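Q: This is the structure I want to talk about, given as structure tokens.
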Amino acid sequence: MMEIKTFSDEVNAWISTAPSGEDLDSCDQFLRQLSAYYSRYTVISGMNESIYSQLLMMCIRDMAEEEYKRIKHSSTLTDYYVKGKYPKATAIFEQCRAVKQLLLITSDNYRTLLSSFRQERILVGHMTT
């Protein structure tokens, strides 16, 4: 589980190092690293879901009969029960899930920025020639 936390912290710290859109070589390298992080995320997210499922099964197995009767027909209540029972683990799982959104949004925004910047550079180049 610490590998998941370390990865999430690493990605969150790295995102803030994005280069300016004017430095196209650095932008290219940044996007390559973004792709590498996304590839690594696919492995980490599989581990994340597997560990969470195991934790859920252990929690249900160890649950008192009366508690189980109250939540057994609701996946939402079961999920909340586990999250309440293991808040630190839940925080790591949720942080990992948030990394996916962070990578996707950063990728979309960065590619849009670069596309706009390149198009602007092309237009300016045509106007000066």
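Q: Could you list, in sequence order, the residues of the stretch 87-102 that are of a type outside the set (Lys, Arg) and over 13 Å from Asp9 (Cα atoms)? Steps first, please.
A: Looking only at the stretch 87-102, we keep the residues that are of a type outside the set (Lys, Arg), and these are 87, 89-96, 98-99, 101-102.
If the condition is that a residue be of a type outside the set (Lys, Arg) and over 13 Å from Asp9 (Cα atoms), then Pro87, Ala89, Thr90, Gln101 are the ones that fit.
Q: Another one. Kindly establish whether Tyr37 is in contact (Cβ under 8 Å) with a residue 60 or more places away in the chain and not charged (D, E, K, R).
A: On the way: in contact (Cβ under 8 Å) with a residue 60 or more places away in the chain: yes; not charged (D, E, K, R): yes.
Yes; evaluated as a whole, the condition is true for this residue.
Q: While we're here: Which one is most open to solvent (accessible area, probe 1.4 Å), of the residues in the stretch 67-96 that are more than 25 Å from Thr6 (Cβ to Cβ) and hydroxyl-bearing (Ser, Thr, Tyr)?
A: Tyr80
Q: Working carefully through the options Tyr110, Tyr81, find the one that is in contact (Cβ under 8 Å) with a residue 12 or more places away in the chain and under 18 Å from the mean Cα position of the chain (by Cα).
A: Working: Tyr81 fails: under 18 Å from the mean Cα position of the chain (by Cα).
Result: Tyr110 is the single residue among Tyr110, Tyr81 that is in contact (Cβ under 8 Å) with a residue 12 or more places away in the chain and under 18 Å from the mean Cα position of the chain (by Cα).
Q: Being at pLDDT 90 or above, under 11 Å from the mean Cα position of the chain (by Cα), open to solvent by less than 80 Å² (accessible area, probe 1.4 Å) and not acidic (Asp, Glu) is true for just one of Ser39, Ser45, Ser35. Which residue is that? Let's see the steps before the verdict.
A: On the way: Ser39 fails: under 11 Å from the mean Cα position of the chain (by Cα); Ser35 fails: under 11 Å from the mean Cα position of the chain (by Cα).
Matching residue, one of Ser39, Ser45, Ser35: Ser45.
Q: Within the stretch 1-29, can you find the residues that are modelled with pLDDT of 90 or more and either over 30 Å from Lys88 (Cβ atoms) or among the hydroxyl-bearing types (Ser, Thr, Tyr) (or both)?
A: Within the stretch 1-29, Thr6, Ser8 qualify.
The values are calculated or read from the model by the stated rules, or taken from the named source; none is laboratory data. As the structure is a computational prediction, the values presented were derived from the model and not from experiment. Because the Cβ atoms are built from the backbone with ideal geometry, glycine has one as well, and the counts that use them run over all protein chains shown. Calculation scope for accessible area: heavy atoms of the full protein, side chains included, ligands and nucleic acids excluded. Shrake-Rupley method; radii C 1.70, N 1.55, O 1.52, S 1.80 Å.
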